[in-house]
Amino acid sequence: MNPKSKNRLRLFLKLGISATLLVFVYQTIDITVFWNVLIKSHPLVLLPAIGLFILSKWTSAIRLNHFLSTTGVKISDASNTKLYILGMYHDLFLPGGKGGDSYKLYFLNKHAGISMKEFTRAARIDRLSGLLALLNLAVFFFCLFNPNNVGFNYFWFVIPLSYVLFYLFIRYYFRTYQNILLRTNMLSLVIQASQLACAVLILNSTGLNDHYPEYLFIFLISSVAATIPVTIGGAGAREITFLGGTILLHLDVNVGVLAGLLFYLITAMVSLGGIYYNNKEMKNISIITD
């Protein structure tokens, strides 16, 4: 099977999985109740939520730039942000062709000579740093809404232990990134904190006034699910996670699913901004190599 056919097959599979998950979610919930929650929500609250999401993506671009700098590629944060947003656009709207990482690799290989091995290693460690922050915040909120269970208190030790293990992993296998580890881990926490604040505003827009730790825990787990590359930009994966999580924790299913949907729509809207950075403008980006 040629690469073009594989891309098409991959696209159809992702579309099928996303569609199946979304159909299942919206057939499971009460659409009338869901619609009532939606129309009673406060859209103005979503404006700062969009701003916080943009902040998280701008910080993500800066974090990736730190990892790229270890390969000898110097690119301004402004130019790197443009490339990052264009990558988001490719991820969400062109999933059957070049994904976001593939586009960035193509661009940096063409203009800076970065190899596939160098870029892939930098991109993977970048994502691992983000995943570490995300999972540790999930542990934090998990312990937060189980304060009286002695067994859960031991989970607090997972947070410092995971950072020690991550440091040792980088030190012995990817020593190149050792000097930027503290900075990039802090940026990862800023990214996830911004997205958590965004989620709080989304939940607040629905009129929610209780059980925030539980909903934020589900949100963090849904963010992990959305990174699994089997759906179109996480469509369906986030909603099914909110559905299952709210059922298990005895929360309002409609609020959870709506929060997942609104976060996806914010992601899509910001990603659509990548269409502005066409190839002509990207050629004006200045890249310096060592």
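The values are calculated or read from the model by the stated rules, or taken from the named source; none is laboratory data. Quick caveat: nothing in here was measured; it's all calculated off a predicted structure. Ideal geometry is used to build each Cβ from the backbone, glycine not excepted, and the neighbour counts take in all protein chains shown.
The table that follows gives values for the structure above.
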| item | result |
| --- | --- |
| Elements of type helices (runs of 4 or more DSSP H) contained in the stretch 73-191, each with 2 or more residues being crowded, with 16+ Cβ neighbours inside 10 Å and modelled with pLDDT of 90 or more | 116-144, 158-173 |
| Residue list for the stretch 159-190, filter: in contact (Cβ under 8 Å) with a residue 12 or more places away in the chain and not hydroxyl-bearing (Ser, Thr, Tyr) | ILE159, PHE166, ILE170, PHE174, ILE180, LEU181, ARG183, ASN185, LEU187, LEU189, VAL190 |
| Selected residue [under 17 Å from ARG238 (Cα atoms) and not charged (D, E, K, R)] from VAL164, VAL224 | VAL224 |
| Residue satisfying all of: in the stretch 37-60; assigned to a helix (DSSP H, G or I) and exposed (fewer than 12 other Cβ atoms within 10 Å of the Cβ); nearest to the chain's Cα centre (by Cα) among these | LEU47 |
| Residue match in the stretch 213-224 (condition: closer than 30 Å to LEU38 by Cα, at pLDDT 85 or above and in a loop (DSSP other than H, G, I, E, B)) | no |
| Condition check for GLY207: assigned to a loop (DSSP other than H, G, I, E, B), surrounded by fewer than 23 Cβ atoms within 10 Å (Cβ to Cβ) and at pLDDT 80 or above | yes |
| Long-range neighbours under 7 Å by Cβ, at least six apart or interchain, first residue in a helix (DSSP H, G or I) within the stretch 12-24, second aliphatic (A, V, I, L, M) and modelled with pLDDT under 90 | LYS14/VAL230; LYS14/ILE232; LEU15/ILE232; ILE17/VAL230; SER18/ILE232; SER18/ALA235; LEU21/ALA237; LEU22/ALA235 |
